[in-house]
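Accompanying notes for the structure given below.
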Amino acid sequence: MFKKLKEAFKSFTNSIISLFKEEEEKKETRPEKAEERSQSQPVTEVRVETVQPIQVAEQRQQAESTRAESVGEVRIEVKPVKAEERAEEKVEEKRGFFSRLVQRVTEAVTYTKLSEDKITKLCDNLFIQLVECDVAVEVSEAIVESVKAELANLKIPRFGVDKEKIVRECIRRAILKVIEDIPDVDFMELVKKIHEERSPVVILFLGPNGYGKTTTIAKIGYLLKNAGYSVVFAAADTFRAGAIEQLEEHGRRLGIKVVKHRYGADPAAVIHDAIAHAESKGIDFVLVDTAGRMHTDVNLMDELKKIYRVAEPDLSVFVADALLGNEALEVAKTYSKYVNVDGLIITKVDAYPKGGSILTFLVTLRKPIYFLGVGQRYEDLIPFRKEWFINQLLGEE
Ligand SMILES: Nc1nc2c(ncn2[C@@H]2O[C@H](COP(=O)(O)OP(=O)(O)OP(=O)(O)O)[C@@H](O)[C@H]2O)c(=O)[nH]1
Ligand SMILES: [Mg+2]
């Protein structure tokens with residue numbers, strides 16, 4: 001899953017670690033060079049004497065021809081001196097050696113930081129890779145800016161730490177910051193709570209043709225049945241040929257009743273009947289399958305409004321096709337203008353190595369993702385958690 005997006009973060013992490021190592025190597029070589037130079041080369045000294053007024057008077061007595069008569073005259077004497085000749089300065093030199101040693105030891109235990117321009121260069125690469133993985137431009141920008149800010153504050157101790165872990169933590173913090181206000185919702189916990197208050201719980205599934213609504217309804221029906229709830233399906237897609245039979249086949253396999261009308265019937269009427277059936281039989285959940293519709297089809301979108309009004313769903317779930325990336329995002333945005341969308345289920349993630357549209361949906365729509373669809377079997381539904389997702393992206397299972 002998310003193979004390409006994982007690779008993008010992996011290569012970014014590796015580049016950051018290499019950069020830290022490079023900076024550390026530079027630090028190690030710098031003091032040695034300075035030391036070598038001081039021991040091998042003769043020192044050229046510049047001595048500067050300032051002649052004070054009192055000295056001027058004494059010198060005038062000693063040598064009348066002296067030219068140092070004026071107050072504040074400066075004498076400059078330049079002579080080469082070998083380091084070993086400076087006997088009285090050897091103690092100083094030793095002191096210098098020790099202070100350099102202390103400085104080097106201190107440096108060894110201090111931290112390494114990256115310069116801003118190097119961070120920017122690497123982050124520019126990350127941006128390109130994110131966009132190539134279907135992460136929308138504005139979402140990539142937000143992530144990259146957050147990563148930059150975290151890296152700018154990152155100091156890594158040179159020894160005794162797992163650098164890769166520290167860098168990964170830094171990237172994790174950066175991504176989490178971008179999505180921190182989007183709640184993680186445990187779907188099963190949520191529906192359990194709703195069910196404690198009222199029954200039947202009505203869940204509406206929305207989305208264009210072929211996004212995976214009917215398959216996802218079957219998967220949720222399977223999950224709810226396994227959790228001990230009773231379920232009925234409402235075949236409210238009375239439009240597409242074969243839609244009712246498709247749902248009936250799932251119902252037969254799962255042991256779930258399907259409430260249906262004929263093709264062309266009013267979908268709102270089907271939903272009304274399904275809810276009435278659930279109420280009369282004490283059934284816990286009504287899962288409503290709706291016809292796929294493009295967001296640009298105003299008539300069908302108006303019909304969806306009516307369906308929503310009649311169903312009064314406890315939860316309204318937009319089923320998004322990961323493969324369609326930014327296109328599905330536009331659709332979801334428009335759907336939200338017609339009806340309330342509580343959360344998302346993103347399908348076909350198993351067939352989608354790029355992985356970026358998941359981030360795009362999350363950051364742009366700011367709605368919880370309940371599940372990821374990862375195959376065509378009933379079990380192929382993974383509960384979504386932000387932390388889990390970021391762990392996956394950073395290669396931590
Ligand atoms: N690989 C994979 N395929 C999926 C997944 N979910 C759905 N599909 C497939 O996607 C295709 C369309 O799924 P449907 O459930 O019929 O889609 P729909 O949204 O109900 O489509 P309409 O009824 O035409 O509106 C089917 O072939 C499904 O098997 C998934 O998570 N992974
Ligand atoms: Mg369908």
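The values are calculated or read from the model by the stated rules, or taken from the named source; none is laboratory data. These figures come from a predicted structure and were not determined experimentally. Note: ideal-geometry Cβ built from the backbone for every residue, glycine included; neighbour counts use all protein chains shown.
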Residues located in region 132-153, provided they are touching a residue at least 40 places away in the same chain (Cβ under 8 Å) and either surrounded by fewer than 19 Cβ atoms within 10 Å (Cβ to Cβ) or closer than 18 Å to residue 366 by Cα (or both): 132, 134, 135, 136, 138, 139, 142, 143
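Can you pull out every residue in region 247-260 that is of a type outside the set (Val, Ile, Thr), surrounded by 16 or more Cβ atoms within 10 Å (Cβ to Cβ) and without any contact (Cβ under 8 Å) to a residue 60 or more places away in the chain?
Of region 247-260, the ones of a type outside the set (Val, Ile, Thr) are 247-255, 257, 260.
Next cut, surrounded by 16 or more Cβ atoms within 10 Å (Cβ to Cβ) only: 247-248, 250-251, 254, 257, 260.
247, 248, 250, 251, 257, 260, listed by residue number.
Out of 361, 371, report the one residue that is of a type in the set (A, V, I, L, M, F, W, C) and within 11 Å of ligand 1 (Cβ to nearest atom).
On the way: 361 fails: within 11 Å of ligand 1 (Cβ to nearest atom).
Checking each option against the conditions leaves just 371.
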Do any residues in region 207-232 that are on the phi > 0 side of the Ramachandran plot have Cβ atoms under 7 Å from those of residues that are near ligand 2 (Cβ under 10 Å from one of its atoms), where the two are at least six apart or on different chains, and which pairs are they? 207/213; 207/292; 207/319; 210/292; 212/319
Mind listing just one residue for me: the one in region 326-350 that is over 20 Å from residue 311 (Cα atoms) and modelled with pLDDT of 95 or more and, of those, surrounded by the most Cβ atoms within 10 Å (Cβ to Cβ)? 347
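Filter region 333-351 for residues that are away from ligand 2 (no atom under 16 Å from the Cβ) and in contact (Cβ under 8 Å) with a residue 60 or more places away in the chain and give the result. Explain how you work it out, then say what you get.
Here is the first cut: in region 333-351, the residues away from ligand 2 (no atom under 16 Å from the Cβ) are 333-334, 336-344, 346, 349-351.
Listed by number, the residues that qualify are 339, 341, 343, 349, 350.
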Based on what the data block shows, is residue 320 in contact (Cβ under 8 Å) with a residue 12 or more places away in the chain, within 15 Å of residue 204 (Cα to Cα), assigned by TED's automatic domain parsing to the domain that holds residue 363 and not in a helix (DSSP H, G or I)? yes
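Let's see how each residue does on (1) under 10 Å from the mean Cα position of the chain (by Cα); (2) within 18 Å of residue 121 (Cα to Cα):
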site	(1), (2)
144	yes, yes
148	no, yes
152	no, yes
158	no, no
164	no, no
173	yes, no
182	no, no
193	no, no
Determine whether residue 296 is assigned by TED's automatic domain parsing to the domain that holds residue 220, touching a Phe, Trp or Tyr at 6+ places or on another chain (Cβ under 7 Å) and among the β-branched types (Val, Ile, Thr). no
Out of (1) away from ligand 2 (no atom under 16 Å from the Cβ); (2) in contact with a helix residue (DSSP H, G or I) (Cβ under 8 Å, 6 or more places away or on another chain); (3) not acidic (Asp, Glu), the odd one out for residue 211 is which? (1)
Need pairs with beta-carbon distance below 6 Å; first residue free of Cβ contacts under 8 Å to residues at least 40 places away in the same chain and within region 288-314, second within 16 Å of ligand 1 (Cβ to nearest atom); sequence gap 6+ or separate chains. 300/293
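How many residues, within region 379-396, are part of a loop (DSSP other than H, G, I, E, B) and either buried (at least 16 other Cβ atoms within 10 Å of the Cβ) or within 16 Å of ligand 2 (Cβ to nearest atom) (or both)?
So the first thing to find is which residues in region 379-396 are part of a loop (DSSP other than H, G, I, E, B), and the list is 379-380, 384-385, 394-396.
Still in the list and also either buried (at least 16 other Cβ atoms within 10 Å of the Cβ) or within 16 Å of ligand 2 (Cβ to nearest atom) (or both): 380, 384, 394.
Final tally of qualifying residues: 3.
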Restricting attention to helices (runs of 4 or more DSSP H) lying wholly within region 131-246, give those where 3 or more residues are within 16 Å of ligand 1 (Cβ to nearest atom). 213-226
Complete set of residues in region 323-332 that are more than 13 Å from ligand 1 (Cβ to nearest atom) and touching a residue at least 24 places away in the same chain (Cβ under 8 Å): 325, 326, 329, 330, 332
Determine, yes or no, whether residue 183 is farther than 30 Å from residue 114 by Cα, surrounded by fewer than 14 Cβ atoms within 10 Å (Cβ to Cβ) and in contact (Cβ under 8 Å) with a residue 40 or more places away in the chain. yes
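Quick check on this structure: which one of 253, 262 is of a type in the set (Lys, Arg), away from ligand 2 (no atom under 12 Å from the Cβ) and part of a loop (DSSP other than H, G, I, E, B)?
Working: 253 fails: part of a loop (DSSP other than H, G, I, E, B).
Of the residues listed, the single one that is of a type in the set (Lys, Arg), away from ligand 2 (no atom under 12 Å from the Cβ) and part of a loop (DSSP other than H, G, I, E, B) is 262.
Determine if region 283-297 includes at least one residue that is more than 22 Å from the chain's Cα centre (by Cα), surrounded by fewer than 16 Cβ atoms within 10 Å (Cβ to Cβ) and under 28 Å from residue 375 (Cβ atoms).
Looking only at region 283-297, we keep the residues that are more than 22 Å from the chain's Cα centre (by Cα), and these are 283-297.
Checking the rest, the ones that are also surrounded by fewer than 16 Cβ atoms within 10 Å (Cβ to Cβ) come to 294, 296-297.
Next, only the ones that are under 28 Å from residue 375 (Cβ atoms) stay: 294.
Yes.
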Out of (1) buried (at least 22 other Cβ atoms within 10 Å of the Cβ); (2) modelled with pLDDT of 95 or more, what's the single condition that is false for residue 355? (2)
